[in-house]
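Some notes on the structure that comes next.
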Amino acid sequence: MKIKIVEVGPRDGLQNEKKILSLENKLWLIHALVEAGLKRIEAGAFVSPNKVPQMSDSSVLFKKINLIKPYQNPKLGVHFSALVPNLHGLRNARDSGVREIAVFGSCSESFSLKNINCTIAESFVRFREVIKESKKNKMKVRGYLSTAFGCPYEGKVSLKKVISLTDKMLGLGVKEVSIGDTIGVATPKQVRTLLKELIPQIGTQKIALHFHDTRGTALANVLAGLDLGITTYDSSIGGLGGCPYAQGASGNLATEDLVYMLEGMGLKTGVDINKIYSLKDPLEKMIGHVLPGRAIQAGSSHASTQI
Ligand code: HMG
Ligand code: MG
């Protein structure tokens with residue numbers, strides 16, 4: 001079974017870093033991720049620069065990416081995407097040469113208000129217009145649903161709500177919905193319960209799982225997803241990540257932790273883990289702290305016992 005990894009480090013990873021990476025360093029990171037074999041890379045966000053200054057150079061970044069000839073070669077099969085919250089963001093993304101966007105909503109009202117300054121119902125009105133305009137411009141659209149397993153403001157989130165919002169988002173025409181554990185509270189039991197309800201309705205191919213590893217349950221949650229046939233997972237280089245509107249939301253599931261586990265289980269990812277390990281020192285220098293990912297810290301020592 002081939003697993004698809006959506007690398008969200010340059011967006012979800014860097015959006016929460018105190019130190020804002022220079023354009024040059026972001027391009028270095030993106031290039032290194034491509035070199036390591038990642039095929040789907042979320043590179044930026046067309047959001048308010050006052051809210052998330054770390055993403056404010058996304059327009060220039062995409063214009064630069066589009067000038068890199070090998071990336072345009074369909075044989076390389078690399079796809080870059082960006083978060084877009086509204087028509088304003090969509091137009092900026094389109095004018096910057098973005099070909100795939102992601103709309104992002106929430107399963108809890110409080111998080112929706114804090115994160116994108118509107119209710120869930122209002123957000124779906126925005127998504128509808130953004131998706132309509134994207135299709136006109138032949139742009140692909142992914143959807144996110146945050147706080148699916150718990151909200152930093154409301155606590156428990158109703159399973160029924162997650163299911164109906166996933167269905168609603170797919171109904172708008174997104175190619176897949178990434179179901180997010182924004183604050184890293186999910187457990188495998190919760191993941192299984194949700195998927196057992198969702199899969200009979202929508203199958204496995206339009207669901208992606210997006211785990212944060214705040215409490216160390218992300219890989220266990222991936223196993224629960226794998227057991228039920230989910231093949232697309234979001235992760236972030238070095239376990240970078242978090243959300244400025246979800247206090248305590250620490251790093252995403254680290255890409256190399258995910259790759260280590262999957263490849264060790266005989267599942268193909270297409271990612272060269274040693275190339276990821278080699279990014280540790282320069283990336284830590286750029287962000288100014290130690291990366292939270294575990295495999296990247298262990299590196300390739302004891303390689304004979306590893307994959
Ligand atoms: P708003 O303040 O409600 O927007 O922001 P507004 O329409 O009232 O406009 C206010 C000002 O923002 C105006 O400028 C607009 O032009 C400007 P002014 O006239 O005051 O000079 N503006 C924009 N500028 C740039 N790009 C735009 C844009 N839209 C309006 N697209 C908005 C609404 C959604 C834009 C804002 O709340 C925002 O940018 N939020 C950022 C949210 C964000 O990026 N959060 C982190 C990502 S989500 C996440 O991490 C979760 C995820 O990883 C999954 C998971 O873990 O669960 C995806
Ligand atoms: Mg996230």
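Annotations
Residues checked against (1) out of contact with any Pro (no Cβ under 8 Å at 6 or more places or on another chain); (2) in contact (Cβ under 8 Å) with a residue 24 or more places away in the chain; (3) within 16 Å of ligand 2 (Cβ to nearest atom):
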site: Leu209; (1), (2), (3): yes, yes, yes
site: Ala224; (1), (2), (3): no, yes, no
site: Tyr233; (1), (2), (3): yes, yes, yes
site: Gly251; (1), (2), (3): no, yes, yes
site: Met261; (1), (2), (3): yes, yes, no
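- Scan of region 181-207 for residues that are within 15 Å of ligand 2 (Cβ to nearest atom) and surrounded by fewer than 23 Cβ atoms within 10 Å (Cβ to Cβ), ordered by number: Val185
- The set of residues from region 234-251 being under 20 Å from Arg294 (Cα atoms), of a type outside the set (Gly, Ala, Ser) and either away from ligand 1 (no atom under 13 Å from the Cβ) or surrounded by fewer than 21 Cβ atoms within 10 Å (Cβ to Cβ) (or both) comprises just one member, Ile237.
- All conditions in (1) in contact with a Gly (Cβ under 6 Å, 6 or more places away or on another chain); (2) more than 11 Å from ligand 1 (Cβ to nearest atom) hold for Leu33, with the sole exception of (1).
- Residue within region 126-140 that is within 16 Å of ligand 2 (Cβ to nearest atom), among the basic types (Lys, Arg) and assigned to a strand (DSSP E or B) present: no
- Exactly one residue among Val103, Val78 is buried (at least 24 other Cβ atoms within 10 Å of the Cβ) and either among the small types (Gly, Ala, Ser) or within 18 Å of the chain's Cα centre (by Cα) (or both), and that residue is Val103.
- Options Lys168, Lys189; residue that is among the charged types (D, E, K, R) and in contact with a Phe, Trp or Tyr (Cβ under 7 Å, 6 or more places away or on another chain): Lys168
- Taking helices (runs of 4 or more DSSP H) as the structural unit, those lying wholly within region 186-265 and holding at least 1 residues that are aliphatic (A, V, I, L, M) and farther than 20 Å from Ala298 by Cβ correspond to 188-202, 218-227.
- Subset of region 113-151 [touching a strand residue (DSSP E or B) at 6+ places or on another chain (Cβ under 8 Å) and on the phi > 0 side of the Ramachandran plot]: Thr147, Gly150
- Residue in region 268-277 that is within 16 Å of ligand 1 (Cβ to nearest atom) and in a loop (DSSP other than H, G, I, E, B) present: no
- Residue in region 52-62 that is more than 10 Å from ligand 1 (Cβ to nearest atom), aliphatic (A, V, I, L, M) and surrounded by fewer than 23 Cβ atoms within 10 Å (Cβ to Cβ) present: yes
- Residues in region 168-189 that are over 18 Å from the mean Cα position of the chain (by Cα) and basic (Lys, Arg): Lys168, Lys189.
Condition check ((1) modelled with pLDDT of 95 or more; (2) closer than 26 Å to Leu113 by Cα; (3) touching a Ser or Thr at 6+ places or on another chain (Cβ under 8 Å)) across all residues:
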| residue | (1), (2), (3) |
| --- | --- |
| Asp167 | yes, yes, no |
| Pro200 | yes, no, no |
| Ile230 | yes, no, yes |
| Gln247 | no, yes, no |
| Gly251 | no, yes, yes |
| Leu258 | yes, no, yes |
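- Residues in region 141-165 that are more than 15 Å from Leu195 (Cα to Cα), in a loop (DSSP other than H, G, I, E, B) and small (Gly, Ala, Ser): 1 in all.
The values are calculated or read from the model by the stated rules, or taken from the named source; none is laboratory data. The shown structure was predicted, so the numbers you read here are calculated from the model rather than taken from an experiment. Note that we place each Cβ from the backbone using ideal geometry, even for glycine, and neighbour counts take in every protein chain shown.
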